[in-house]
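Nothing in this text is a laboratory measurement; each read-out follows from the coordinates by a stated rule. Predicted model only: the values in this text are computed from it and were never measured. Note that we place each Cβ from the backbone using ideal geometry, even for glycine, and neighbour counts take in every protein chain shown.
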Amino acid sequence: MVGLKTLKKALISGAALAVLSISAHAADLVLRSSDTHPDGYPTVEAVKYMGKLVEERTDGRIGIEVFHSAQLGEEKDTIEQTRFGVIDMNRVSLGPFNNLIEETRVPSLPYIFRSVEHMHKVMDGEIGQDILDAFEEHGLIGLAFYDGGARSFYNSKKPITSKEDLAGMKFRVMQSDLFVDMVDALGANATPMPYGEVYSSIQTGVIDGAENNWPSFESSGHYEVAGYYTLDEHLIVPEVLVISKTSWDKLSPEDQEILRQAAKESVPYMRKLWAEREAASEAKVREAGVEIISDIDKTPFIEAMEPVYEKHVTSEKLKDLVERIRAVE
Ligand code: GTR
């Protein structure tokens, strides 16, 4: 259910959008797409690339404008707005979908993927398609999965070299019950909060740290306030590009196909940018003097996740998805 507050917010942003969208694009129909990341980030560039393809293939009838840097709001709010057609498109992590779409919980499970390559194989195949299909009954069409690398813990207090070191520490997680339980199971305390509040929360000591991949750790500036990064790689959560079903249903089947195809073609482009950005971000963070702890035994972390799987893999459908993912070589 959408609360009144959410609706009001959506309407206000809608009005702001109407003004914002009288902009650079000459296309007859400009689809507005949200992203929390700054301009130049691989996800932002990939959606721009998709827009270029769409514009070319529709002879300029349809374009995409990316509103980066959370200009349209934080992920949880923009997801609601996309569901109600106030925002046309959205590039988000699967995390904030976990409470809404149960299928998204499975690829968000800690240590479900053995590697990024394993994640690619799963999400590029039939399982990925099944998960994309699950968005439709929630007012969204899933277009493509992007990469979000591997997420690890960082903090402002001390080097974490084992699971025991996490005891009692306070970490921000994305707004998903699954991630709250993940951090709790490791003996730490989880604080779900929007991405945009993390920097100041670490700086003022409201939390000790957070967890993310190299590019986000770097681009958000969190590394400036959290000098210890432990590569436990507990999550390899894919990111997703969705379009509002309201916007989708207004398109002809031919144009829908053009969008689907362009989204698909933006994936290898995104992955190339991602690999470059990962390396560049790591270099920048290391140069800034952040202490990187890479020699860490992941086994106790993996073992601690058993109750998290028990609690969140609740239906036969989800159990089946877990098994299918594990069976992918
Ligand atoms: C990033 C991800 C964002 C957002 C952010 C977060 O890695 O790309 O979509 O989910 O993490 O932690 O909120």
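Extending 7 Å from the Cα toward the beta-carbon at both residue 26 and residue 204 defines two label points whose distance is 4.7 nm. Each Cα pair under 8 Å and six or more residues apart adds its separation to the average, and for the range 154-259 the resulting relative contact order is 32 percent. Calculated over the chain, the projected area of the Cα convex hull averaged across directions stands at 16.3 nm². Candidate cross-link partners of residue 317 among the lysines, defined by an alpha-carbon separation under 29 Å and a same-chain spacing of 8 or more, comprise 76, 121, 245, 264, 298. Set the Förster distance to 51 Å, then compute FRET efficiency between residue 311 and residue 252 from the Cβ-Cβ distance, nearest 0.05. With a Förster radius of 51 Å, E is 0.70. Given +1 at the Cβ of Lys and Arg, -1 at the Cβ of Asp and Glu and no other charges, the dipole of the range 225-279 around its Cα centre is 100 debye to the nearest 20. How high is the relative contact order of the chain, given as a whole-number percent (alpha carbon pairs under 8 Å, six or more residues apart)? Answer for the chain is 23 percent.
Distance between the pseudo-spin-label points of residue 326 and residue 137 (7 Å out from Cα toward the beta carbon): 2.5 nm. Modelled label positions at residue 162 and residue 100, each set 7 Å beyond Cα in the direction of Cβ, lie 4.2 nm from each other. In a reduced charge model with +1 at each Lys and Arg Cβ and -1 at each Asp and Glu Cβ, the chain shows a dipole moment near 640 debye about its Cα centre.
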